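Participant: Structure incoming, see below.
The values are calculated or read from the model by the stated rules, or taken from the named source; none is laboratory data. As the structure is a computational prediction, the values presented were derived from the model and not from experiment. No Cβ is skipped: glycine too gets one built from the backbone with ideal geometry, and neighbour counts run over all protein chains shown.
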Amino acid sequence: MASFRKHSNGTWEYRIRYKDPINQKFKEKSKRGFSTKKEAQLAAAETEKRIFNDLELDNHPYYLKNYLQDWLKEYKLGSVRKNTFELHKRNINNHIIPYFKDIDIKDIKPILYQKFINHLCEQKYSKRTIEIIHGTMRNAMEKAVILGKLEKNPCYGIEIKTNKKREYNMEFINSDDIPLFLRVAYEYGYMYYIFFKTLINTGMRKGEAAALQWSDIDLKNKTISISKTLDFKAASKDELFGDPKTYTSKRIITIDQRLVNELHELRKRQNEDKLQLNEIYQHDLNLVFTRKDGSHLPKSSLFNAFVRILNKAGLEKLPIHALRDTHAVLLLESGASMKYVQERLGHKSIQVTSDIYSHISKKIDRDSMNKYEDYISTIME
């Protein structure tokens, strides 16, 4: 309970007295210098929140936002993959806390939680995105039940009332423009040229390509093993490599002889850099796509290079991810099955691949039929 006192100089002080549940001793926390009693009361209320949440006292509110941060720190950090931890963190900070704000964890009831899910549906998120956010909250509330903070998990029995598929914004470089793009990329910088060409030839995500090490590439058998992604925000080398986006993202793909020849040339150039820089070169990383000293390519450099190359080539502005879609379109245009595209791109299911590329597949079918009709008409005349 907080008490307040006005000092001779006109300022106010709050004093909070509480009992430590571990050693059963009374403690006090105070602060002075407030211009008004109201200011002191507001500050005291915030301090009480922190004290009572830290001590987990049963007769005081336990705010959902505090519990979720504790859950992340005490039960998820270090026990789940880095990508999974960051996903939980984003869901909590971007969706759950902004909606529930200062609610007590005990006040999360099933109907109230269903309203939260309905709110997400109204924001036109895809069903899968809502399921992922829901998964974070359900997981956290299940632990709250185990810890005795709740009697029942309020997240069970909800309905995701959306059947709308989020429209995938399909962006790619037309096959006729690819030679121009690569020619301009080569003039801009060899490393960017070979990096972007590899994305077009393989459909890898930029993080997967940036994380490639020479031990992942078998030039003799023309294969690339994709087993990790590069964390462009990593603070140290130990944190540089992370798990791929999904379990099915781990895959082995084949490459054509032209790309094999390009990678042979890249390795030759890197060996020259190693001899020239010697100990300055970061040999331990063994990266395929690097700066001159062997360090990884920064995300900002890749982004800026891609924008400038497109601009110089007179092509429309696109995200780097468009090169992954470009590869998929090339596969479909060449007659590859949807199943093959799924496995090569590392999609979790063929349904995901079909949802993304079905309209492209239909366009190819129509174009093929038009060509067939034109051909038949010449024969029948």
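Participant: Being surrounded by 17 or more Cβ atoms within 10 Å (Cβ to Cβ) and of a type in the set (Ser, Thr, Tyr) is the filter here; which residues of the range 287-334 pass it?
Facilitator: 290, 326 - these are the residues of the range 287-334 that are surrounded by 17 or more Cβ atoms within 10 Å (Cβ to Cβ) and of a type in the set (Ser, Thr, Tyr).
Rundown of residues vs (1) buried (at least 18 other Cβ atoms within 10 Å of the Cβ); (2) over 20 Å from residue 348 (Cβ atoms), yes/no style:
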| residue | (1), (2) |
| --- | --- |
| 171 | no, yes |
| 176 | no, yes |
| 187 | no, yes |
| 190 | no, yes |
| 197 | yes, yes |
| 223 | no, yes |
| 228 | yes, no |
| 240 | yes, yes |
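Participant: Follow-up. Which ones in the range 66-85 are in contact with a Gly (Cβ under 9 Å, 6 or more places away or on another chain) and either more than 14 Å from residue 139 (Cα to Cα) or polar (S, T, N, Q) (or both)? Give the steps one after another, and end with the answer.
Facilitator: Let us first name the residues in the range 66-85 that are in contact with a Gly (Cβ under 9 Å, 6 or more places away or on another chain), namely 81-83, 85.
Scanning the range 66-85 gives 81, 82, 83.
Participant: Determine if the range 63-70 includes at least one residue that is surrounded by 14 or more Cβ atoms within 10 Å (Cβ to Cβ), of a type in the set (A, V, I, L, M, F, W, C) and over 22 Å from the mean Cα position of the chain (by Cα). Before you say what the answer is, go through the steps one by one.
Facilitator: First, pick out the residues of the range 63-70 that are surrounded by 14 or more Cβ atoms within 10 Å (Cβ to Cβ): 63-70.
Narrowing the set further to residues that are of a type in the set (A, V, I, L, M, F, W, C) leaves 64, 68.
Narrowing further to those that are over 22 Å from the mean Cα position of the chain (by Cα): 64.
Scanning the range 63-70 turns up at least one residue that is surrounded by 14 or more Cβ atoms within 10 Å (Cβ to Cβ), of a type in the set (A, V, I, L, M, F, W, C) and over 22 Å from the mean Cα position of the chain (by Cα).
Participant: Is it true that some residue in the range 335-352 is over 23 Å from residue 207 (Cβ atoms), surrounded by 13 or more Cβ atoms within 10 Å (Cβ to Cβ) and modelled with pLDDT under 75?
Facilitator: No - not one qualifying residue is present in the range 335-352.
Participant: Moving on to the next point. Scanning for something under 20 Å from residue 199 (Cα atoms) and modelled with pLDDT of 95 or more, does the range 237-251 turn up at least one residue?
Facilitator: Taking every residue of the range 237-251 in turn, none turns out to be under 20 Å from residue 199 (Cα atoms) and modelled with pLDDT of 95 or more.
Participant: Output the number of the condition that residue 269 fails; it satisfies all remaining conditions of (1) touching a strand residue (DSSP E or B) at 6+ places or on another chain (Cβ under 9 Å); (2) in a helix (DSSP H, G or I).
Facilitator: Every condition holds for residue 269 apart from (1).
Participant: Within the range 85-188, considering only helices (runs of 4 or more DSSP H) that don't extend past its boundaries, which have at least 2 residues that are assigned by TED's automatic domain parsing to the domain that holds residue 308 and not aliphatic (A, V, I, L, M)? Talk me through it step by step, then tell me what you get.
Facilitator: Details: elements: 97-100, 110-122, 127-146, 178-188.
Filter on the range 85-188 gives 178-188.
Participant: Residue check, residue 223 against (1) at pLDDT 95 or above; (2) over 16 Å from the mean Cα position of the chain (by Cα); (3) closer than 20 Å to residue 290 by Cβ, all met but one. Which one?
Facilitator: (3)
Participant: Given the structure, is residue 212 modelled with pLDDT of 95 or more and in contact with a Lys or Arg (Cβ under 7 Å, 6 or more places away or on another chain)? Before you say what the answer is, go through the steps one by one.
Facilitator: On the way: modelled with pLDDT of 95 or more: yes; in contact with a Lys or Arg (Cβ under 7 Å, 6 or more places away or on another chain): no.
The answer is no for residue 212.
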